[in-house]
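**Student:** My questions will all concern the structure given below.
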Amino acid sequence: MKTELINLSNEGVTLTTYILDSSTEMPNMIYRPAMLVIPGGGYNFCSDREAEPVAMAFAAKGFNTFVLRYSIGKGKAAFPNPLNDAQEALELIINNSEKWHIDKSKTAAIGFSAGGHLCAALSTMGRVRPAAAVLCYPCILSSISDILAEPIPSVDEYVDDKTPPTFIVSSREDSCVPIENSLRYADALEKAGVDFEMHIYSKGYHGFSLANEVVFSKEEDYLYNSHLSGWFELCCAWLKKTFNS
């Protein structure tokens, strides 16, 4: 694996690459799908639990992965700064597809919470868009701006027929980002005729990430949320079906 930390245009914004080695012994993986990982953190920080562990999980599934640490904090996180970061990152991945052995038609993005908002913004408002999007307990609506560093647009209003197929996972119990956010986005996808798959779990704290021992520091959090870990395999199966269709 080759890793590199790339500084993007906006101050403090970086893209970390995790490029898997190619081998003639694995001819199906000369050109790999790519996953741009966008962690959450309320646009105040970028959560480590939703960054490298997620990138490594997708790497184990054969993806070349990239972690975006975008513009955060009061002022810097004002739109469209984060969207500009995500667009720049995705364009960098696409433009370096030969160098990084990426199948440009299989470039996806995943976002968590506020990162889910950014992923959805990239999918609906971006000058370049991923081929597939994964939204984990995403912020979608402007009404949730009071818990974020800066006000956000309601990205469900920007869904169109160019929005990529989308996988959504959320918890009904989430008291931080109400389930209405996911439901409104799914409704917009349906009205636009965009393919999507959605999984809503009844129980589970906000910010469960991979819901495994790696991401939880407290055993009680892992025990309470461990049933949510199944979303990852469901997501990978959906991505395989989506990219092969």
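The values are calculated or read from the model by the stated rules, or taken from the named source; none is laboratory data. Quick caveat: nothing in here was measured; it's all calculated off a predicted structure. Here Cβ is always computed from backbone atoms with ideal geometry, including for glycine, and neighbour counts include all displayed protein chains. Heads up: the accessible areas ignore ligands, DNA and RNA and are worked out on the full protein's heavy atoms, side chains in. Shrake-Rupley method; radii C 1.70, N 1.55, O 1.52, S 1.80 Å.
**Student:** Could you bin all the Cα-Cα distances of the chain into 10 Å bins starting at 0 and give me the percent of pairs in each, rounded to whole numbers?
**Tutor:** 8, 35, 38, 17, 2, 0
**Student:** Same structure, new question: Give me the net charge for the shell around N7: Cβ to Cβ below 12 angstrom, other residues only, Lys and Arg +1, Asp and Glu -1.
**Tutor:** Cβ neighbours under 12 Å give a net charge of -3.
**Student:** What percent do you get for the relative contact order of the chain when only Cα pairs under 8 Å and 6+ apart count?
**Tutor:** Numbers: 527 pairs, mean separation 38.9, N = 245.
Reported as a whole number, the value is 16 percent.
**Student:** Calculate, for K74 and D48, the FRET efficiency according to 1/(1 + (r/R0)^6) with r their C-beta to C-beta distance and R0 25 Å; round to the nearest 0.05.
**Tutor:** With R0 = 25 Å, the Cβ-Cβ based efficiency is 0.75.
**Student:** Pulled fully out, how much extra length does the chain show between S9 and F243, if you take 0.36 nm times their separation in residues and subtract their Cα-Cα distance? Don't jump to the answer; show the numbers that get you there.
**Tutor:** Numbers: separation 234, 0.36 × 234 = 84.24 nm, distance 3.06 nm.
Length gained, S9 through F243: 81.2 nm.
**Student:** Continuing with this model, one more query. Let me check I've understood the local charge: for M125, count other residues with C-beta under 11 angstrom from its C-beta, Lys and Arg +1, Asp and Glu -1. What total comes out?
**Tutor:** +1
**Student:** Kirkwood-based Rg over Rh for the range 1-126 (C-alpha set), two decimals?
**Tutor:** My calculation puts Rg/Rh at 0.97.
**Student:** Pop out the carbon and sulfur fraction of the accessible area of the chain as a percent, whole number, probe 1.4 Å.
**Tutor:** 50
**Student:** Considering only C-alpha atoms, what is the centroid distance from the range 25-87 to the range 129-158, in Å?
**Tutor:** Result: 16 Å between the Cα centres.
**Student:** Out of the GluC sites (Glu not before Pro) in the range 188-218, which ones are loop residues according to DSSP with at most 12 other C-beta atoms within 10 Å?
**Tutor:** Numbers: sites: E190, E197, E213; in loops: E213.
Passing sites in the range 188-218 are E213.
**Student:** Let me ask something else. Kindly write out, for the range 149-155 in residue order, the coupling ³J(HN,Hα) from the Karplus curve 6.51 cos²θ - 1.76 cosθ + 1.60 (θ = phi - 60°), rounded to whole Hz, with x marking Gly and Pro.
**Tutor:** Listing the rounded values in order: 5, 9, x, 10, x, 7, 6 Hz.
**Student:** What size of dipole, in debye to the nearest 20, comes out for the chain about its Cα centre when the only charges are +1 on Lys and Arg C-beta atoms and -1 on Asp and Glu C-beta atoms?
**Tutor:** 420
**Student:** Give the accessible surface of the range 1-75 per residue, rounded to a whole number of Å², with probe radius 1.4 Å and ligands, DNA and RNA excluded.
**Tutor:** 46
**Student:** Same structure, new question: Quick check: with the 1.4 Å probe, what order do F196, F45, F243, F208 take by accessible area, largest first?
**Tutor:** F45, F196, F243, F208
**Student:** What distance in nm lies between label points placed 7 Å from Cα along the C-beta direction at D161 and A60?
**Tutor:** 4.1
**Student:** As an exercise, take the mean of 1/r over every pair of distinct alpha carbons in the range 45-99, invert it, and state the Kirkwood radius in angstroms.
**Tutor:** Here the Kirkwood hydrodynamic radius works out to 12.6 Å.
**Student:** Scan the range 67-109 for GluC sites (Glu not before Pro) in coil per DSSP, keeping those whose Cβ has at most 15 other Cβ atoms within 10 Å, and list them by number.
**Tutor:** E98
**Student:** Semi-axes of the equivalent ellipsoid of the range 112-245: what are they in whole Å, largest first, if each equals the square root of 5 times a C-alpha gyration tensor eigenvalue?
**Tutor:** Semi-axes, largest first: 24, 19, 12 Å.
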